[in-house]
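The values are calculated or read from the model by the stated rules, or taken from the named source; none is laboratory data. Owing to the predicted nature of the structure, the values given are computational and were not obtained by experimental measurement. Reconstructed Cβ throughout: ideal geometry from the backbone, glycine too, with neighbour counts over all protein chains shown. Calculation scope for accessible area: heavy atoms of the full protein, side chains included, ligands and nucleic acids excluded. Shrake-Rupley method; radii C 1.70, N 1.55, O 1.52, S 1.80 Å.
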Amino acid sequence: MPVVVTTIAELRERIAAERRAALQDGPADAPVGRVVLVPTMGALHDGHLRLVSQARDLGGFVVVSVFVNPLQFGPAEDLDRYPRTLDHDVAALEGLADVVFAPSASEMYPNGEPATRITAGEAGTRFEGASRPGHFDGVLTVVAKLFNIVQPDVAVFGQKDAQQVHVIGRMVDDLDLPITIAVVETVREADGLALSSRNRYLEGDDRRAAVVLSQALAAGAAAAGDGVEAVLAAAWERIDDEPAVRLDYLVIVDPASFREVAPGYRGPALLLVAARVGSTRLIDNERLTIA
Ligand code: PAF
(Lines give C-alpha, C1' and ligand atoms only; values in the text may rest on other atoms or scores of the structure.)
Protein backbone atom coordinates (compact mmCIF):
# COMPACT_ATOMS: atom_id res chain seq x y z
CA MET A 1 0.00 0.00 0.00
CA PRO A 2 1.24 3.57 -0.56
CA VAL A 3 2.17 5.50 2.58
CA VAL A 4 -0.47 8.08 3.53
CA VAL A 5 0.97 11.41 4.63
CA THR A 6 -1.18 14.24 5.96
CA THR A 7 1.33 16.98 6.77
CA ILE A 8 3.49 19.12 4.51
CA ALA A 9 6.51 18.66 6.80
CA GLU A 10 6.38 14.86 6.65
CA LEU A 11 5.86 14.85 2.89
CA ARG A 12 8.90 17.11 2.37
CA GLU A 13 10.99 14.87 4.61
CA ARG A 14 10.00 11.74 2.71
CA ILE A 15 10.69 13.31 -0.69
CA ALA A 16 14.07 14.65 0.46
CA ALA A 17 14.99 11.19 1.81
CA GLU A 18 13.91 9.59 -1.46
CA ARG A 19 16.01 12.01 -3.54
CA ARG A 20 19.05 11.39 -1.29
CA ALA A 21 18.62 7.61 -1.55
CA ALA A 22 18.17 7.73 -5.33
CA LEU A 23 21.37 9.78 -5.69
CA GLN A 24 23.34 7.30 -3.62
CA ASP A 25 21.90 3.99 -4.81
CA GLY A 26 20.24 4.56 -8.20
CA PRO A 27 21.65 2.98 -11.38
CA ALA A 28 23.82 5.42 -13.35
CA ASP A 29 21.28 5.70 -16.20
CA ALA A 30 18.20 6.07 -13.95
CA PRO A 31 16.20 9.33 -13.85
CA VAL A 32 17.95 10.22 -10.59
CA GLY A 33 15.58 11.22 -7.86
CA ARG A 34 12.77 12.00 -10.27
CA VAL A 35 9.56 12.90 -8.47
CA VAL A 36 6.24 12.72 -10.32
CA LEU A 37 3.10 14.38 -8.91
CA VAL A 38 -0.48 13.49 -9.80
CA PRO A 39 -2.81 16.07 -8.20
CA THR A 40 -6.37 14.80 -7.61
CA MET A 41 -9.41 15.54 -5.50
CA GLY A 42 -9.85 11.83 -4.73
CA ALA A 43 -12.94 9.74 -5.54
CA LEU A 44 -10.53 7.99 -7.86
CA HIS A 45 -11.82 6.20 -10.96
CA ASP A 46 -10.06 4.46 -13.83
CA GLY A 47 -9.31 7.84 -15.45
CA HIS A 48 -7.24 8.87 -12.43
CA LEU A 49 -5.60 5.45 -12.27
CA ARG A 50 -4.52 5.89 -15.91
CA LEU A 51 -2.83 9.18 -14.90
CA VAL A 52 -1.05 7.46 -12.02
CA SER A 53 -0.01 4.48 -14.11
CA GLN A 54 1.51 6.85 -16.71
CA ALA A 55 3.26 8.62 -13.83
CA ARG A 56 4.60 5.22 -12.72
CA ASP A 57 5.83 4.51 -16.26
CA LEU A 58 7.88 7.73 -16.16
CA GLY A 59 9.98 6.16 -13.42
CA GLY A 60 10.85 7.71 -10.10
CA PHE A 61 8.87 8.45 -6.97
CA VAL A 62 5.12 8.88 -7.49
CA VAL A 63 3.17 11.20 -5.21
CA VAL A 64 -0.63 11.36 -5.57
CA SER A 65 -2.31 14.24 -3.76
CA VAL A 66 -5.90 13.80 -2.62
CA PHE A 67 -7.37 17.13 -1.57
CA VAL A 68 -10.84 18.54 -2.19
CA ASN A 69 -9.77 22.14 -2.68
CA PRO A 70 -12.43 24.51 -1.32
CA LEU A 71 -10.93 27.47 -3.25
CA GLN A 72 -12.06 26.09 -6.60
CA PHE A 73 -15.73 25.61 -5.66
CA GLY A 74 -18.25 28.46 -6.01
CA PRO A 75 -20.77 29.15 -3.21
CA ALA A 76 -23.55 27.31 -5.06
CA GLU A 77 -21.36 24.33 -6.07
CA ASP A 78 -21.06 20.83 -4.67
CA LEU A 79 -18.14 21.19 -2.20
CA ASP A 80 -20.01 19.50 0.65
CA ARG A 81 -21.49 16.85 -1.60
CA TYR A 82 -18.17 16.12 -3.38
CA PRO A 83 -17.37 12.43 -2.76
CA ARG A 84 -14.60 11.75 -0.23
CA THR A 85 -13.41 8.14 -0.40
CA LEU A 86 -9.83 8.16 0.96
CA ASP A 87 -9.71 4.49 2.08
CA HIS A 88 -10.90 3.33 -1.33
CA ASP A 89 -8.48 5.73 -3.07
CA VAL A 90 -5.47 4.48 -1.12
CA ALA A 91 -6.39 0.84 -1.84
CA ALA A 92 -6.83 1.63 -5.55
CA LEU A 93 -3.32 3.15 -5.64
CA GLU A 94 -1.66 -0.05 -4.43
CA GLY A 95 1.33 -0.76 -6.67
CA LEU A 96 0.94 2.58 -8.50
CA ALA A 97 1.80 5.36 -6.03
CA ASP A 98 4.56 5.60 -3.44
CA VAL A 99 2.91 8.24 -1.30
CA VAL A 100 -0.63 9.57 -1.00
CA PHE A 101 -0.63 13.15 0.28
CA ALA A 102 -4.02 13.75 1.92
CA PRO A 103 -3.84 17.01 3.87
CA SER A 104 -6.72 18.62 5.75
CA ALA A 105 -8.01 22.04 4.66
CA SER A 106 -6.33 23.59 7.72
CA GLU A 107 -2.99 21.99 6.77
CA MET A 108 -3.21 23.53 3.29
CA TYR A 109 -4.76 26.84 4.38
CA PRO A 110 -3.70 27.37 8.01
CA ASN A 111 -4.66 31.06 7.83
CA GLY A 112 -8.09 30.33 6.36
CA GLU A 113 -8.74 31.89 2.93
CA PRO A 114 -5.31 32.72 1.48
CA ALA A 115 -4.74 36.43 0.87
CA THR A 116 -2.36 35.60 -1.99
CA ARG A 117 -3.68 33.76 -5.03
CA ILE A 118 -2.57 32.87 -8.51
CA THR A 119 -4.90 34.27 -11.15
CA ALA A 120 -5.56 32.58 -14.46
CA GLY A 121 -6.30 36.00 -16.01
CA GLU A 122 -8.58 36.32 -18.99
CA ALA A 123 -8.15 32.65 -20.04
CA GLY A 124 -9.73 31.69 -16.75
CA THR A 125 -12.89 33.71 -17.41
CA ARG A 126 -13.93 31.91 -20.61
CA PHE A 127 -16.00 28.69 -20.97
CA GLU A 128 -15.62 26.83 -17.62
CA GLY A 129 -14.51 30.09 -16.02
CA ALA A 130 -17.66 31.90 -17.21
CA SER A 131 -19.87 29.25 -15.61
CA ARG A 132 -17.65 28.93 -12.54
CA PRO A 133 -16.22 32.38 -11.67
CA GLY A 134 -12.98 32.11 -9.70
CA HIS A 135 -12.68 28.37 -10.36
CA PHE A 136 -9.37 28.51 -12.21
CA ASP A 137 -7.81 30.95 -9.73
CA GLY A 138 -8.65 28.36 -7.04
CA VAL A 139 -7.18 25.55 -9.16
CA LEU A 140 -3.96 27.46 -9.93
CA THR A 141 -3.51 28.52 -6.30
CA VAL A 142 -3.71 24.96 -5.00
CA VAL A 143 -1.64 23.54 -7.88
CA ALA A 144 1.06 26.17 -7.25
CA LYS A 145 1.05 25.23 -3.56
CA LEU A 146 1.32 21.52 -4.42
CA PHE A 147 4.16 22.29 -6.85
CA ASN A 148 5.98 24.20 -4.09
CA ILE A 149 5.36 21.49 -1.50
CA VAL A 150 6.31 18.50 -3.67
CA GLN A 151 8.74 20.21 -6.13
CA PRO A 152 8.03 17.53 -8.72
CA ASP A 153 10.02 17.10 -11.91
CA VAL A 154 6.84 16.10 -13.76
CA ALA A 155 3.15 16.70 -12.96
CA VAL A 156 0.44 14.68 -14.69
CA PHE A 157 -3.04 15.98 -15.64
CA GLY A 158 -5.94 14.62 -17.70
CA GLN A 159 -6.95 15.96 -21.12
CA LYS A 160 -10.60 15.80 -20.05
CA ASP A 161 -10.04 19.06 -18.14
CA ALA A 162 -8.57 20.73 -21.23
CA GLN A 163 -8.96 24.31 -20.01
CA GLN A 164 -7.37 23.38 -16.69
CA VAL A 165 -4.40 21.90 -18.60
CA HIS A 166 -4.17 25.14 -20.61
CA VAL A 167 -4.14 27.50 -17.62
CA ILE A 168 -1.67 25.29 -15.71
CA GLY A 169 0.62 25.26 -18.78
CA ARG A 170 0.41 29.08 -18.90
CA MET A 171 1.24 29.31 -15.19
CA VAL A 172 4.30 27.08 -15.65
CA ASP A 173 5.47 29.23 -18.60
CA ASP A 174 4.62 32.60 -17.07
CA LEU A 175 6.29 31.82 -13.74
CA ASP A 176 9.23 29.77 -15.14
CA LEU A 177 8.36 26.79 -12.96
CA PRO A 178 10.91 24.00 -13.60
CA ILE A 179 8.21 21.33 -14.06
CA THR A 180 7.20 19.30 -17.11
CA ILE A 181 3.45 18.91 -17.56
CA ALA A 182 2.40 15.50 -18.93
CA VAL A 183 -1.14 15.22 -20.33
CA VAL A 184 -2.99 11.89 -20.45
CA GLU A 185 -5.86 11.05 -22.82
CA THR A 186 -9.42 10.87 -21.50
CA VAL A 187 -10.61 7.45 -20.36
CA ARG A 188 -14.16 6.55 -21.43
CA GLU A 189 -16.91 4.09 -20.54
CA ALA A 190 -17.70 1.51 -23.23
CA ASP A 191 -20.45 3.78 -24.62
CA GLY A 192 -18.12 6.80 -24.82
CA LEU A 193 -19.04 8.71 -21.63
CA ALA A 194 -15.86 10.35 -20.28
CA LEU A 195 -15.01 9.11 -16.79
CA SER A 196 -15.60 11.72 -14.08
CA SER A 197 -16.03 11.66 -10.32
CA ARG A 198 -19.40 13.33 -10.92
CA ASN A 199 -20.71 10.43 -13.06
CA ARG A 200 -21.77 8.73 -9.82
CA TYR A 201 -24.59 11.31 -9.59
CA LEU A 202 -26.02 10.17 -12.95
CA GLU A 203 -28.82 7.68 -12.59
CA GLY A 204 -31.28 5.98 -14.95
CA ASP A 205 -32.37 8.29 -17.77
CA ASP A 206 -29.70 10.86 -16.94
CA ARG A 207 -26.94 8.27 -17.37
CA ARG A 208 -28.45 7.22 -20.71
CA ALA A 209 -28.76 10.86 -21.86
CA ALA A 210 -25.18 11.76 -20.78
CA VAL A 211 -23.67 9.73 -23.59
CA VAL A 212 -24.92 12.41 -26.00
CA LEU A 213 -21.92 14.59 -25.11
CA SER A 214 -19.33 12.15 -26.46
CA GLN A 215 -21.62 11.32 -29.40
CA ALA A 216 -21.83 15.02 -30.25
CA LEU A 217 -18.03 15.30 -30.14
CA ALA A 218 -17.71 12.26 -32.42
CA ALA A 219 -20.27 13.74 -34.85
CA GLY A 220 -18.34 17.03 -34.83
CA ALA A 221 -15.02 15.24 -35.42
CA ALA A 222 -16.52 13.35 -38.37
CA ALA A 223 -17.35 16.72 -39.99
CA ALA A 224 -13.85 18.20 -39.42
CA GLY A 225 -13.08 18.03 -43.15
CA ASP A 226 -15.99 20.41 -43.87
CA GLY A 227 -14.95 23.36 -41.71
CA VAL A 228 -15.81 25.01 -38.41
CA GLU A 229 -19.51 25.60 -39.03
CA ALA A 230 -20.09 22.00 -40.19
CA VAL A 231 -18.39 20.66 -37.03
CA LEU A 232 -20.55 22.81 -34.76
CA ALA A 233 -23.75 22.00 -36.68
CA ALA A 234 -23.12 18.23 -36.55
CA ALA A 235 -22.37 18.30 -32.82
CA TRP A 236 -25.26 20.63 -32.06
CA GLU A 237 -27.74 18.45 -33.97
CA ARG A 238 -26.88 15.46 -31.81
CA ILE A 239 -27.31 17.44 -28.57
CA ASP A 240 -30.54 19.03 -29.75
CA ASP A 241 -32.00 15.50 -30.18
CA GLU A 242 -31.75 14.86 -26.42
CA PRO A 243 -34.08 17.06 -24.34
CA ALA A 244 -32.58 15.87 -21.01
CA VAL A 245 -29.29 17.59 -21.87
CA ARG A 246 -29.13 21.37 -21.23
CA LEU A 247 -26.18 22.77 -23.15
CA ASP A 248 -23.92 25.28 -21.44
CA TYR A 249 -21.43 25.77 -24.28
CA LEU A 250 -20.30 24.05 -27.46
CA VAL A 251 -17.27 25.78 -28.98
CA ILE A 252 -14.18 25.18 -31.06
CA VAL A 253 -10.96 26.68 -29.71
CA ASP A 254 -7.41 27.00 -30.92
CA PRO A 255 -5.49 24.74 -28.50
CA ALA A 256 -2.55 27.19 -28.35
CA SER A 257 -4.58 30.24 -27.24
CA PHE A 258 -7.74 28.57 -25.96
CA ARG A 259 -9.69 31.23 -27.87
CA GLU A 260 -12.70 30.47 -30.02
CA VAL A 261 -11.71 30.09 -33.67
CA ALA A 262 -13.15 32.19 -36.52
CA PRO A 263 -15.52 30.51 -39.04
CA GLY A 264 -12.83 30.10 -41.75
CA TYR A 265 -10.24 28.60 -39.39
CA ARG A 266 -8.24 25.60 -40.53
CA GLY A 267 -5.78 23.66 -38.39
CA PRO A 268 -5.54 21.94 -35.01
CA ALA A 269 -8.53 22.57 -32.79
CA LEU A 270 -10.37 21.43 -29.71
CA LEU A 271 -14.11 20.92 -29.70
CA LEU A 272 -15.37 21.62 -26.17
CA VAL A 273 -18.74 20.82 -24.68
CA ALA A 274 -20.30 21.47 -21.27
CA ALA A 275 -23.87 20.61 -20.33
CA ARG A 276 -26.13 19.79 -17.43
CA VAL A 277 -27.76 16.38 -17.33
CA GLY A 278 -30.30 16.46 -14.51
CA SER A 279 -28.44 18.27 -11.73
CA THR A 280 -25.00 17.06 -12.86
CA ARG A 281 -22.71 19.30 -14.87
CA LEU A 282 -20.46 17.43 -17.31
CA ILE A 283 -17.63 18.53 -19.60
CA ASP A 284 -15.83 16.77 -22.42
CA ASN A 285 -13.64 17.61 -25.42
CA GLU A 286 -12.14 16.17 -28.59
CA ARG A 287 -9.01 17.08 -30.54
CA LEU A 288 -9.62 17.77 -34.25
CA THR A 289 -7.83 19.03 -37.29
CA ILE A 290 -10.18 21.31 -39.20
CA ALA A 291 -9.72 21.31 -42.96
O1 PAF B 1 -8.50 18.20 -11.63
C2 PAF B 1 -8.64 18.17 -10.39
O3 PAF B 1 -9.00 17.18 -9.82
C4 PAF B 1 -8.37 19.45 -9.59
O5 PAF B 1 -8.77 20.58 -10.28
C6 PAF B 1 -6.91 19.57 -9.15
C7 PAF B 1 -5.96 19.72 -10.35
C8 PAF B 1 -6.50 18.35 -8.34
C9 PAF B 1 -6.72 20.81 -8.26
O10 PAF B 1 -7.51 20.74 -7.12
Size of the stretch 230-291 along its principal axes in angstrom, Cα-based, largest extent first?
-> 35, 21, 15
Given a 1.4 Å probe, the accessible area of the stretch 1-136 per residue, as a whole number of Å², is 50
Of every Cα-Cα pair in the stretch 7-79, the percent that sits beyond 17 Å | 56
Taking the Cα centre of the chain as origin, work out the dipole magnitude from +1 charges on Lys and Arg Cβ and -1 charges on Asp and Glu Cβ, in debye rounded to 20.
-> 300
Please compute P(r) over all alpha-carbon pairs of the stretch 71-151, binned at 10 Å starting from zero, and give each bin as a whole-number percent.
-> 15, 39, 36, 11, 0
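Only Lys, Arg, Asp and Glu count, each charged at its Cβ (+1, +1, -1, -1), so figure out the dipole size of the stretch 151-291 about its Cα centre, rounded to 20 debye. Walk me through the intermediate numbers first.
Numbers: 14 positive and 22 negative charges, 41 e Å.
Roughly 200 debye for the stretch 151-291.
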Carbon + sulfur, % of accessible area of the chain - ligands and nucleic acids excluded, 1.4 Å | 50
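For Glu113, Glu122, give the ranking by accessible area with the largest first, probe 1.4 Å.
Working: Glu113 135, Glu122 95 Å².
From most accessible down to least: Glu113, Glu122.
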Can you tell which of Val143, Thr289, Leu51 lies farthest toward the positive end of the dipole of the chain, using +1 and -1 charges on the Cβ of basic and acidic side chains (Lys, Arg; Asp, Glu)?
-> Val143
Highest-MSF residue in the chain out of Arg238, Arg50, Arg14 [GNM, Cα springs under 10 Å] = Arg14
If each of Tyr265 and Asp80 carries a label point 7 Å out from its Cα toward its Cβ, how far apart are those two points in nm?
-> 4.0
How much of Met41 can a 1.4 Å solvent probe reach, expressed as accessible area in Å² and rounded to 10?
-> 40
Residue-by-residue Karplus 3J(HN,Hα) for the stretch 227-235, coefficients 6.51, -1.76, 1.60, Hz, glycine and proline x | x, 4, 5, 5, 4, 5, 5, 5, 5
Asp46 accessible area, 1.4 Å probe, all protein chains in place, Å² to nearest 10 = 100
Roughly how big is the stretch 87-190's charge dipole about its Cα centre, with Cβ charges of +1 (Lys, Arg) and -1 (Asp, Glu), in debye to the nearest 20?
-> 340
In Å, what Rg and Dmax follow from the Cα atoms of the stretch 109-202?
-> 14.6, 45
Computed ³J(HN,Hα) along the stretch 7-15: with the Karplus parameters 6.51/-1.76/1.60, θ = phi - 60°, integer Hz and x for glycine or proline, the list is 10, 5, 4, 5, 4, 4, 4, 4, 5
Take the Cα radius of gyration of the chain and divide it by 2.2 N^0.38 Å, with N its residue count; two decimals is plenty.
-> 1.04
Evaluate the distance, in nm, between pseudo-label points positioned 7 Å from the Cα of Trp236 and of Thr180 along their respective Cα→Cβ axes.
-> 4.2
